[in-house]
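Q: Once you've had a glance at the structure underneath, I'll fire off some questions.
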Amino acid sequence: MSESMRSMAIKSIVWCVSGLFLTGCASLSKEECMAADWRTIGFEDGAKGRLLQRIGEHRESCAEYGIAPDFDAYRQGHQEGVSRYCNANVGYSVGRRGASYNGVCPSEFEAEFLVAYREGKRVYHLAKQVTDLENERSLLWQERDELSGEIESNEQVIVASSTSEKLRRELIEQNKRLATLVEEKEHRLHQNDRQLRRLKRQLDRLETRHRLKHQ
């Protein structure tokens, strides 16, 4: 892509974001429509896994300025872009980041793409589970520490000579309940730790298998 096209693409993104909630987002700006290299635009759309129907959005964007897309040039570029997109490495990458696949690949390339895509999607879901468990673990530790801190504070009051017997008995009972909650948090932490180790092993195996397969 030329420097001028890159500059216009950046401007288009800025305009799109700033006006998104008011008017929606056009696929191309006026400057992009006027300077359009439709083969390049088609290639870029295809290489991003977008369907050929994407040209309809470009047509709608450019119609306002009296400009019609060159469908043949766009289609040629789109086919070239799809050829770049439809391979195992891209399939794995798309799945690994949790993105969707919309069926753009022709039948002769789709099987290989989908095998890698599903493998990447499985890694994505495992990685997400690992992240969720790590977040849960942090929260459990925080809750456990807060409960332990409350028990410690109560114990200081319990042993103080100025504490009444009534309050002392109440705090002792409260600490029993808090100790039970601490045990529950620790039990969940042990469960979390086992799950986390298991999922990390699975994740490591899948990523290693993919790396060895495509090195």
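Q: Would you check which residues across the stretch 74-91 are touching a His at 6+ places or on another chain (Cβ under 9 Å) and surrounded by fewer than 22 Cβ atoms within 10 Å (Cβ to Cβ) and list them?
A: Of the stretch 74-91, the ones touching a His at 6+ places or on another chain (Cβ under 9 Å) are 74, 88-89.
Answer for the stretch 74-91, where residues must be touching a His at 6+ places or on another chain (Cβ under 9 Å) and surrounded by fewer than 22 Cβ atoms within 10 Å (Cβ to Cβ): A88, N89.
Q: Would you mind telling me which numbered condition in (1) touching a residue at least 40 places away in the same chain (Cβ under 8 Å); (2) surrounded by 17 or more Cβ atoms within 10 Å (Cβ to Cβ); (3) closer than 17 Å to L28 by Cβ C62 fails?
A: With respect to (1) touching a residue at least 40 places away in the same chain (Cβ under 8 Å); (2) surrounded by 17 or more Cβ atoms within 10 Å (Cβ to Cβ); (3) closer than 17 Å to L28 by Cβ, C62 is out only on (1).
Q: In contact with a Phe, Trp or Tyr (Cβ under 9 Å, 6 or more places away or on another chain) and not aromatic (F, W, Y), is that true of S107? It would help to see each step written out before you state the result.
A: Numbers: in contact with a Phe, Trp or Tyr (Cβ under 9 Å, 6 or more places away or on another chain): no; not aromatic (F, W, Y): yes.
Taking the combined requirement at face value, the residue does not satisfy it.
Q: Continuing with this model, one more query. Can you work out which of the residues in the stretch 43-58 that are modelled with pLDDT under 95 and surrounded by 17 or more Cβ atoms within 10 Å (Cβ to Cβ) is farthest from G91 (Cα to Cα)?
A: H58
Q: If you don't mind, another one. Is there a residue being closer than 30 Å to C33 by Cα and touching a Phe, Trp or Tyr at 6+ places or on another chain (Cβ under 6 Å) anywhere in the stretch 111-121? Write out each step before concluding.
A: Initially, the stretch 111-121 is screened for residues closer than 30 Å to C33 by Cα, giving none.
Checked the stretch 111-121: no residue is closer than 30 Å to C33 by Cα and touching a Phe, Trp or Tyr at 6+ places or on another chain (Cβ under 6 Å).
Q: Collect the residues in the stretch 56-87 that are under 17 Å from G46 (Cβ atoms), out of contact with any Leu (no Cβ under 9 Å at 6 or more places or on another chain) and not in a loop (DSSP other than H, G, I, E, B), keeping them in residue-number order.
A: Answer for the stretch 56-87, where residues must be under 17 Å from G46 (Cβ atoms), out of contact with any Leu (no Cβ under 9 Å at 6 or more places or on another chain) and not in a loop (DSSP other than H, G, I, E, B): G56, R59, F71, D72, A73, Q76, G77, E80, G81, S83, R84, Y85.
Q: Looking only at the stretch 156-182, which residues are under 46 Å from the mean Cα position of the chain (by Cα) and surrounded by 12 or more Cβ atoms within 10 Å (Cβ to Cβ)?
A: Q174, N175, L178, A179, L181, V182
The values are calculated or read from the model by the stated rules, or taken from the named source; none is laboratory data. Everything numeric in this text was worked out from a predicted model, so none of it was measured. Heads up, the Cβs are rebuilt from the backbone with ideal geometry, glycines too, and the neighbour counts pull from every protein chain shown.
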